[in-house]
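Read through the structure below, which is laid out as structure tokens, and then see the notes.
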Amino acid sequence: MKNSDEWALGQWGERLVRQWLTSRSWWVIPISLINNGGAPAFETWIRQFTVLPDIFAGCNGRAQWIEVKTKTKSVPNALRKRDEHGLEERLWRHYIAGQQLTGIPGAIAFVQTQPRLLYIGALDTIEVASVVYDGSNLAEPRRFFDLRRFEKYNFGKSGLTLEVAPTIEPKAQPRPWEIKYRGQIESQQPPLF
């Protein structure tokens, strides 16, 4: 996969997110650029591995793990009446475990090329209303996320000219899929960045 067109597109997306973070005064450690023969991972004495997200960033006493996924366009889901992006359920579980192991919040950033948008959301926020699909047309189960749960930014063809795009205001009454399994309603989260 390394040196493929798909890999190059992913590297471009990671560079864009690193650039975006540093333009907002965040310090960035590009974990994905550490060369250890594969994805960087947490290791413990019992040899359990947890895949690390691509970026570790910090600003003003806050730290954040950020996994970057670069996609061509969102997937419209007619049944759920929303646009979605997805990733492998196996990786999602690693990112959640990394957040729990370190106590450092995690986020997913979807860099979309058509149209040119950056979606970024905290793991705890985007998990609400996410759906796992394991249909026969997939190599492995994938988790799909409601893009309305993410902060949304535009970026231009020339690179990093970001401006905040309008977002959908949450409805006053929660929809059934926004209610957590414990029966609690997810509170509004302040912006990540």
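The values are calculated or read from the model by the stated rules, or taken from the named source; none is laboratory data. Quick caveat: nothing in here was measured; it's all calculated off a predicted structure. Positions of Cβ are generated from backbone atoms using ideal geometry, with glycine treated the same way; all protein chains shown enter the neighbour counts. The accessibility values were calculated without ligands, DNA or RNA, using every heavy atom of the protein model including side chains. Shrake-Rupley method; radii C 1.70, N 1.55, O 1.52, S 1.80 Å.
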I need a count of the residues in segment 69-100 that are open to solvent by 70 Å² or more (accessible area, probe 1.4 Å), under 13 Å from THR50 (Cα atoms) and either touching a Leu at 6+ places or on another chain (Cβ under 6 Å) or among the aliphatic types (A, V, I, L, M) (or both). 0
Any residue at all in segment 12-33 that is modelled with pLDDT of 85 or more, open to solvent by less than 20 Å² (accessible area, probe 1.4 Å) and assigned to a loop (DSSP other than H, G, I, E, B)? yes
Select the strands (runs of 3 or more DSSP E) contained entirely in segment 111-157, then report the ones holding at least 2 residues which are touching a residue at least 12 places away in the same chain (Cβ under 8 Å) and within 19 Å of GLY10 (Cβ to Cβ). 116-122, 142-146
Subset of segment 105-122 [at pLDDT below 95 and open to solvent by 30 Å² or more (accessible area, probe 1.4 Å)]: THR113, GLN114, PRO115, ARG116
Out of the residues in segment 45-63 meeting the condition of being of a type outside the set (Val, Ile, Thr) and modelled with pLDDT under 80, tell me which one is least open to solvent (accessible area, probe 1.4 Å). PHE49
